[in-house]
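Below is one structure, written out as structure tokens, with a few remarks after it.
The values are calculated or read from the model by the stated rules, or taken from the named source; none is laboratory data. Owing to the predicted nature of the structure, the values given are computational and were not obtained by experimental measurement. Note: ideal-geometry Cβ built from the backbone for every residue, glycine included; neighbour counts use all protein chains shown.
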Amino acid sequence: MTYYRILFGLLLLVASLSSHAALRVVTTTQDLAAIAEAVGGEQVKVESLTPGTRDPHFASAKPSMIRQVFRADLLLVIGADMEIGWLPPLLQSARNGKVQPGNPGYLDLSTGVPLLGQVSGPIDRSMGDVHAKGNPHYWLDPRNGVRMAEAIASRLSELDPAHEGEYRGRLADFKQTMASRLPHWSADLAALKGQPVIAYHKSLIYLADAFEFNIVDEVEPKPGIAPSAASLSALVARIRSDEIGLLLMEPHYERRSARYLNEQTGIGIAVLPQSVGATPEIVTYFDLFDAIVAALTSAGGA
Amino acid sequence: MDYFNLCKKQLVAVACGLLLAPGVLFADDETEALRQQLLELKQQMQQMQQHYEGQIGAMEQRLQGVEVASQRQAEQAAQAASQPVAPSLSSKIAGVSNFQIGLSGLFAAGGSSADNGELAGLQGGGHDPNKNGFTVQNVELSMGGTVDPHLDAQANLIFQIDEEGETVVELEEAFFTTRSLPWGLQVKGGQYFTEFGRQNVQHPHTWAFADQPVVLSRFLGGDGLRSQGARVAWLMPTEWYSELYFGAQNAKGETVTSFLGEEGEDIGGHTLMARESRNFSDLLYSARWLNGFDLSETVSMNLGASALWGPNATGTDTNTQIYGADLYVKWQSATAQRGFPFASWQTEILERRYEAGDVNDPTHEKLDDWGMFTQAVWGFKPGWTAGLRLDYASASGDTATDPLRDTRKRLSPNLTWYPSEYSKVRLQYNHDWIQHLPDKSADALWLQVEFNLGSHAAHVF
């Protein structure tokens, strides 16, 4: 009897070891990594190419990334030209057919969310860094987080049908957590509803859409173009005349312009983490919104 | 060549004869036949017209289908977001093909204490500012994209204006690379920059300085070392990034300095003869081992070693070897905005062993040259970088009067402003210590302006 037990135990061990051939998921940002981890659980091994502390537009394709993408089973990207500056040469160097666009190992999450800020009509680069396909900062709307989790769960199920049940189960948990947290965040930010605010870069429109406040202007005169003395003084006039009380910015932007605007007008400044990993405490996608809501409420926005 | 021309003339004559003959000889009988032919042609045209009209109709139907589908998608998306989203047909088509096209222009203005004749020897790079006044350094048309699931391809055309004001067009590069060979292999073929060291494969508009390092101009040529050939690269199954390259390219031509080169050129007093490749042993072979490490979250490093072997044209049986080592270290702040602040340090050391003249030639000698450059770039605030480069090059023997082999030192500080990702303005000062000029030194100041149109320039590590 004990022999059978030992044999059975060994069999279980072997089975559990072999089932640990986890899918290697590589993501371009830590937000994608956090959602992939939440949905993929122990069936996946997730690595993010860029840290959440950096501006994800401007990564450079480090040699270590070539190895990461070369070994990946699934590559998750933000898309909408977010990674246009560094992902194409990286994909070419990594020579991994599985994760080339068009194959099941490549998932562009921007295809599954409604993109805001799509530009119709002629555009050129004199308008600054305009993303014609739409604004790529869509992960800052928690409702899009659910859409992203759904897309990731479907793709994981497709690549690894044996664990579809687990992926679907974790997706349901993710949705449930979101359903319970979202009303609290909205309630905490109720005072901000309908208020005019200023953002540093055109990256917070999804957040504004989710929590129903109005971004009336940006510190950058054009996307990606640094503010000048003239553009700042025009902004001072606007803040005063429109009685704008809050300036939102991500931590990787320079603070001098914000300090100047604060000195001139007394406008409140909320430095919002834009990504999972922006600070060490932000580990999950839900942590990100906890931190954003906390920063907004403490800056006097609510 | 003569034989070929003769053939061409004969062909032209025969073709003319064939065309004229029916008209001249059979003019009377031809009228009926011609009418018959015209009738046939007319029928064929009608058939073609019907055929194409049918096809166009089918395409229109398909396009309408796509439009309807995209409208439906848009409606769904709008319902989901209560925000109108209408992916246009053109954006859908553009999404299928990633064919990218870009035009980059690089211009310089400035002057040197050396005159224009002397500057040609000081600024040895083909894209260097080399005139007191204005230089069109590089106008480059780049095209590339994905061919199919197996290949990517790229071509770069260079437009330059020479001393006579004539426009020169060069097929700088045109090559394919494989996308998904097994075992980490990748093959590249066509006309391309040899993967030797770090800077040789980089195009002038991505350089951190206004001109080419002295040692690269001397060993790899003013245009950089490039030729027709193929190479295979192997991404090795190591824990760190490690890649081996091995390639073979034609050894002849003006862009293969140090090897068969161009007849009539001169190196160390030896004139290159009209030596052609005879067999596989007369190709240029190259090898490179490149490693990459992350030293920390913010510091990464590349370490490479490269070698070149090939024939040279100072004799019938003479060879050249070039060896190089390269180091690149980059720090980028953990909270970088637009990639700034960062600091980078790049160093390359090269040695060339050049057997000049056959063994039984009375002028037979072995030329041994070496050189290096080391450069640091500090991106101190978004859009701004400051750089400092030190060049050194030297050679065996009495070389004091040879502009390509004398002992040369150059110190180059510069300051660059990037108003956006697509343009830059750079001011660079060069101080040279030179043996071959009577003044033994030269000072130059160059102002460089660059623009990039079209597809997004990639940020390479």
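For segment A:168-205: of the residues being among the β-branched types (V, I, T) and assigned by TED's automatic domain parsing to the domain that holds A:T297, which is farthest from A:H131 (Cα to Cα)?
Per the criteria, the residue is A:V197.
B:A208 passes all but one of (1) in contact (Cβ under 8 Å) with a residue 60 or more places away in the chain; (2) among the hydrophobic types (A, V, I, L, M, F, W, C); (3) outside any loop (DSSP other than H, G, I, E, B); which number fails?
If we test B:A208 against (1) in contact (Cβ under 8 Å) with a residue 60 or more places away in the chain; (2) among the hydrophobic types (A, V, I, L, M, F, W, C); (3) outside any loop (DSSP other than H, G, I, E, B), just (3) comes out false.
Are there any helices (runs of 4 or more DSSP H) wholly within segment A:133-222 with 1 or more residues that are of a type in the set (A, V, I, L, M), over 17 Å from the mean Cα position of the chain (by Cα) and closer than 22 Å to A:T27 by Cα, and if so which?
Answer list for segment A:133-222: A:142-159, A:164-188.
Among residues belonging to segment A:240-295 that are of a type in the set (K, R) and part of a helix (DSSP H, G or I), point out the one that is nearest to A:T50 (Cα to Cα).
Result: A:R256.
Hey, among the residues in segment A:270-293 that are under 18 Å from A:L247 (Cβ atoms) and free of Cβ contacts under 8 Å to residues at least 40 places away in the same chain, which one's farthest from the chain's Cα centre (by Cα)?
This residue is A:A270.
Quick check on A:A132: is it among the aliphatic types (A, V, I, L, M) and at pLDDT below 85?
Judged against the criteria, A:A132 is a match.
Scan segment B:246-269 for residues that are assigned to a strand (DSSP E or B), at pLDDT 95 or above and not small (G, A, S) and jot them down.
Result: B:F246, B:Q249.
Anything in segment B:280-305 that is more than 14 Å from every other protein chain (Cβ to nearest Cβ) and either at positive phi or among the hydroxyl-bearing types (S, T, Y) (or both)? List them, or say none.
Correct list: B:S281, B:Y285, B:S286.
How do the helices (runs of 4 or more DSSP H) wholly within segment A:1-87 filter down when requiring 1 or more residues that are touching a helix residue (DSSP H, G or I) at 6+ places or on another chain (Cβ under 9 Å), modelled with pLDDT under 95 and β-branched (V, I, T): which remain?
A:63-70
May I ask you to list the residues in segment B:234-267 that are under 15 Å from B:A307 (Cβ atoms) and either more than 14 Å from chain A (Cβ to nearest Cβ) or of a type in the set (G, A, S) (or both)?
Those that are under 15 Å from B:A307 (Cβ atoms) and either more than 14 Å from chain A (Cβ to nearest Cβ) or of a type in the set (G, A, S) (or both): B:F246, B:G247, B:A248, B:Q249, B:A251, B:S258, B:F259.
For segment B:399-461, which fully contained strands (runs of 3 or more DSSP E) count at least 1 residues that are within 14 Å of chain A (Cβ to nearest Cβ), surrounded by fewer than 15 Cβ atoms within 10 Å (Cβ to Cβ) and at pLDDT 95 or above?
Hits in segment B:399-461: B:408-420.
Can you pull out every residue in segment A:73-107 that is more than 10 Å from every other protein chain (Cβ to nearest Cβ) and closer than 28 Å to B:G292 by Cα?
A:D73, A:L74, A:L75, A:L76, A:V77, A:I78, A:G79, A:M82, A:E83, A:G105, A:Y106, A:L107
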